[in-house]
Amino acid sequence: MPAQPTQPQGFSVSAARLGLPDLGFISYGEMVDQGQQITQAVSIPVIGDGDHGYGDAMNVKRTVGRYIRAGFAGSFWKIRCAWFSFLSLWLDYVCNCYRQYRLGDQLNLSSRMFFGRAGGSGFLHGCELVFNYQQRRSLVNVKLKWVKDRALDAVVTGERDLRAACFLVSIISSTPQGCVPIYHLCRHRGQLGITHDLKLSTFIRRFPSVFLESHAFDSGGTRVPCFSLTPEALKLQQEELDIIEQSQMDLVNRLRKLLMLTRGQTLPLQTIDQLKWDLGLPYDYQHSVIPHYLALFSLVHLPDERIGLKLLSWDNNLAVSQLQRNAALQQKEEDMKKGCLAFPIGFTRGFGLKRKCMAWLKEWQKLPYTSPYCDAFHLDPRTDVSEKRIVGVFHELLHLTIQKKTERKNVSNLRKSLDLPQKFTKVFERHPGIFYISKKNDTQTVVLREAYDHQLLLERHPLVEIRKRFASLLRKGLLDRSRGLYKESAGAGVEQDISADETNDNQDSSEEESDCNFFSEYDSDDPIRDQC
């Protein structure tokens, strides 16, 4: 643990040396003398009381120099106005330069930059240094407006209901019979993301090109809707399973890198479940993937009694962010040497950026880049440097997803795991050139701008193509159903049962669903008389 500094204030010095209250009786010389005695007697850092600087700007300059020579590790000042606030920040910068480089003329050199007579150029350069230093010491209050991006909105709306439908396909195809009663499907409703006012059976019946409906009878003789998959859906599902098997190590490495971003390399399974679709993991990854990599992962009990997934081994080869991997192609050689990597920036057409915001963004890009795989305990969360690290974390997180996007709510539970400050998702609004927030589909989706050229995903994972074909199949069934093609082609079998059920939904208790009690008649696993 670092040593805690001590801070002798003017009150204590005045009381000890003069026996008087802190009303300005103590002089500059007495404060320097007392500070020198204290710094020689202790081994911990000592912070000096600069009061109001003991005079004008030149006196402040003199005070700082004597405080440094007395051995003070720093100083605090009573702010009178905006000018003195700026001056205090400048002097703080000078002190840090002096302590960092240990150069006897560093103070005078930096002071000449500020107080020099060379036509004001020294003053302007001093302002630039203070501004850069301020970004390391505080969070600059800049607000950028949100502007709609129609191309990225189309990317999000094109996948409406796709996640829920694909999860249902995975559940149905994993059963031995290939046909599942509705009450079994309702047990998975929490992970489907379907609105509470929509019946699951109604949602499934929207896509007859993917799901086939039949009926069976439970032990009480009540007709129960059952759902299986169409041949087209079965074919696509098998292709997806083949791709997952072929790219399983890639998906495992994505999961490993996600855990390496977290504190303790551990995440609750509930949090991973929210991200498994975006990471490309199969619906049942806990049973189909994790058991094959017991040397890498372990299921653990968390203090809050939840089950978590822990990474057992750290891989330095994986602990390299995407920004660092692309540095040779995207970054300037000078910035790479300084470790000040810049993020790719792109704005929506017609996005107007104010001049002061452009200046701030330009300087923000020049700040040091902290890898999301490194500890950031030394960074003050109220600074621009810390914010750049947070941006780097989400930049890397979105690169781990196969479509470079995720819903904003999916990362809301990552604050403690990623060691992030409160309101950490505000970086999405502050950096619209890096992230785009789509408000389509009744949610907020965060999209990584650099990954798309209008609506085209630049790096396409094989699973993305399968999902695109699934989405096309869903749209086809929805369109054909709206035209009445399925009702016209159906005989006296399944389609008549579907029509009858939709007509009598309010009278059939087996269609009533809720989060607490999905079906009053179907809350048991009683055997069904007629198989699907």
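Odds and ends about this structure:
- Within the same chain, lysines fewer than 8 places from Lys476 are excluded, and of the rest, those with a Cα less than 17 Å from its Cα are Lys235, Lys468, Lys487.
- Euclidean distance of C-alpha centroids, the range 279-307 and the range 446-487, integer Å: 29 Å
- Unsatisfied cross-links (Cα-Cα over 25 Å) in the set Lys338/Lys409; Lys145/Lys362; Lys276/Lys416; Lys338/Lys405; Lys143/Lys423; Lys354/Lys404: Lys338/Lys409; Lys338/Lys405; Lys354/Lys404
- The range 340-464, dipole about Cα centre (Lys/Arg Cβ +1, Asp/Glu Cβ -1), debye to the nearest 20: 500 debye
- Note on the range 165-235: with neighbouring protein chains present and a 1.4 Å probe, carbon and sulfur make up 56 percent of its accessible heavy-atom surface.
- 3J(HN,Hα) along the range 152-157, derived from phi through the Karplus expression 6.51 cos²θ - 1.76 cosθ + 1.60 where θ = phi - 60°, amounts to 6, 5, 5, 4, 6, 5 Hz, with x in place of Gly and Pro.
- Remark on Ala216: its backbone amide H falls under 5 Å from those of Val224, Cys226, a criterion applied only to residues 5 or more positions apart or on other chains, H modelled at 1.01 Å from N.
- Sulfur and carbon atoms: percent of accessible area, the range 293-343 [1.4 Å]: 52 percent
- In range of the label at Leu312: residues from the range 284-303 whose backbone nitrogen is under 20 Å from the point 7 Å along Cα→Cβ: 285-302
- Fully extended contour minus Cα-Cα distance, from Met358 to Gln444, at 0.36 nm per residue: 28.3 nm
- Taking every Cα-Cα distance in the range 242-282 and sorting them into 5 Å bins starting at zero, the pair-distance distribution P(r) comes out as 5, 24, 31, 24, 12, 4, 1 percent.
- Applying 1/(1 + (r/R0)^6) with R0 = 45 Å to the Cβ-Cβ distance of Cys374 and Glu245 gives a FRET efficiency near 0.85.
The values are calculated or read from the model by the stated rules, or taken from the named source; none is laboratory data. All values derive from a computational prediction rather than experimental measurement. Virtual Cβ from ideal backbone geometry, glycine too; neighbours counted across all protein chains shown. Please note that ligands, DNA and RNA were not included when accessible areas were found on the heavy atoms of the full protein model with its side chains. Shrake-Rupley method; radii C 1.70, N 1.55, O 1.52, S 1.80 Å.
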